[in-house]
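Chemist: Quick one: the structure is below, and I'll ask about it shortly.
The values are calculated or read from the model by the stated rules, or taken from the named source; none is laboratory data. If you're wondering where the values come from, they're calculated on a predicted model, not measured in any experiment. Quick reminder, even Gly has a Cβ in these numbers, built from the backbone with ideal geometry, and neighbours come from all protein chains shown.
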Amino acid sequence: MFKNIFTKSIYERRWGIAGWGVAMLLATIFIMLVFPVMKDSFGVQLESVPDSLKAVLGEANDYQKISGFTELQVFAQMMFLTIIYGIILAVATLVGEEKQGVLQTLLAAPVSRTKVYWHKLLALVLILTVISLLMTAGILVGAAILKEPISIIGTLEGALMQLLVAMTLSTFAYMVGASTGSRVLAGSAAGIYAFVGYVVTTLAPIADVLEKINYASPYRYFMNTKIYENGILLNNLIPLIVACLIFSLIGWRLFIRRDIYQQ
């Protein structure tokens, strides 16, 4: 029925993609529709907030523009749905199938571990891309309903950057799971990385001691970067791509070498 592992992996996740995608689309539209309220109230209240908190919440002027609101309240918040779904998929894809005995059956066929590893990873990339595009559609639909002009290019650039943040954490989970065969370890490690990274990036502007540590956080390269004004900067884009490649290659090398036992 399926020509390769990639298409089979997509087909097996079809209902999850549909459910999560619809949730992402509707939630994004809903948040966009809150913009007028935030513009009239929350943005003004920020003027009395200390500068240390403005580094976390944003400037009052940011909430007066649909672009600033979208970056702070849509991309920076809805990004976590993409991250959560990506980590769930990454943990379930290889190590989850190994625990169920499905992976062992697949590897008993004339197919290499390398092919299995990369096809399933590419399926993960495509799925998260679809989810990110649905979030993009939600932003544009919400802006259209509000009759607020918003840059399509800027929105796509923001979607790409939040996708890369999610992919960095997802490939990290995929790497840990592929190299250890432990769902608990993969999920826990990725969850801790995601949480600690967010805390570090959030507090780095007001805590100098965290400045260097912040370079290891994927959030550093997207949060508060004013994507609509500055576009995608190479010094933000390249570290995320490199991190995804490093995690993917390490996971691949360890996966093809370790023993996989029948459950």
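Chemist: Filter the stretch 200-216 for residues that are of a type in the set (A, V, I, L, M, F, W, C) and over 16 Å from the mean Cα position of the chain (by Cα); which is surrounded by the fewest Cβ atoms within 10 Å (Cβ to Cβ)?
Modeler: Only one residue tops the list, namely VAL209.
Yes/no per residue for (1) within 28 Å of LEU140 (Cα to Cα); (2) touching a strand residue (DSSP E or B) at 6+ places or on another chain (Cβ under 7 Å); (3) at pLDDT below 95:
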{"site": "GLY154", "(1), (2), (3)": "yes, no, yes"}
{"site": "LEU210", "(1), (2), (3)": "no, no, yes"}
{"site": "PHE222", "(1), (2), (3)": "yes, no, yes"}
{"site": "ILE227", "(1), (2), (3)": "yes, no, yes"}
{"site": "GLY231", "(1), (2), (3)": "yes, no, yes"}
{"site": "ASN235", "(1), (2), (3)": "yes, no, yes"}
{"site": "ILE241", "(1), (2), (3)": "yes, no, no"}
{"site": "ILE246", "(1), (2), (3)": "no, no, no"}
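Here is a yes/no grid of residues against (1) free of Cβ contacts under 8 Å to residues at least 24 places away in the same chain; (2) β-branched (Val, Ile, Thr); (3) outside any helix (DSSP H, G or I); (4) buried (at least 22 other Cβ atoms within 10 Å of the Cβ):
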| residue | (1), (2), (3), (4) |
| --- | --- |
| ILE83 | no, yes, no, yes |
| ALA90 | no, no, no, yes |
| LYS115 | no, no, no, no |
| LEU122 | no, no, no, no |
| MET135 | no, no, no, yes |
| LEU140 | yes, no, no, no |
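Chemist: I would also like to ask the following. For residues in the stretch 64-81 being part of a helix (DSSP H, G or I) and not hydrophobic (A, V, I, L, M, F, W, C), which is surrounded by the most Cβ atoms within 10 Å (Cβ to Cβ)?
Modeler: THR70
Chemist: Scan the stretch 217-263 for residues that are of a type in the set (Ser, Thr, Tyr), over 18 Å from the mean Cα position of the chain (by Cα) and under 24 Å from LYS65 (Cβ atoms) and jot them down.
Modeler: Applying the first criterion (of a type in the set (Ser, Thr, Tyr)) to the stretch 217-263 yields 217, 219, 221, 225, 228, 248, 261.
Okay, now just the ones that are also over 18 Å from the mean Cα position of the chain (by Cα), so 228, 261.
The answer is TYR228, and nothing else.
Chemist: Here's a follow-up. All but one of (1) buried (at least 18 other Cβ atoms within 10 Å of the Cβ); (2) more than 15 Å from the chain's Cα centre (by Cα) hold for LEU164; which doesn't?
Modeler: The number of the failed condition is (2).
Chemist: State whether the residues of the stretch 18-34 include one that is more than 22 Å from LEU169 (Cα to Cα), surrounded by 22 or more Cβ atoms within 10 Å (Cβ to Cβ), at pLDDT 85 or above and over 18 Å from the mean Cα position of the chain (by Cα).
Modeler: yes
Chemist: Is it the case that some residue within the stretch 182-191 is assigned to a helix (DSSP H, G or I), in contact (Cβ under 8 Å) with a residue 12 or more places away in the chain and surrounded by fewer than 17 Cβ atoms within 10 Å (Cβ to Cβ)?
Modeler: Yes, there is a match, as at least one residue in the stretch 182-191 is assigned to a helix (DSSP H, G or I), in contact (Cβ under 8 Å) with a residue 12 or more places away in the chain and surrounded by fewer than 17 Cβ atoms within 10 Å (Cβ to Cβ).
Chemist: Tell me which residues, restricted to the stretch 211-258, are basic (Lys, Arg), in a loop (DSSP other than H, G, I, E, B) and without any contact (Cβ under 8 Å) to a residue 60 or more places away in the chain.
Modeler: Matches in the stretch 211-258: LYS212, ARG257.
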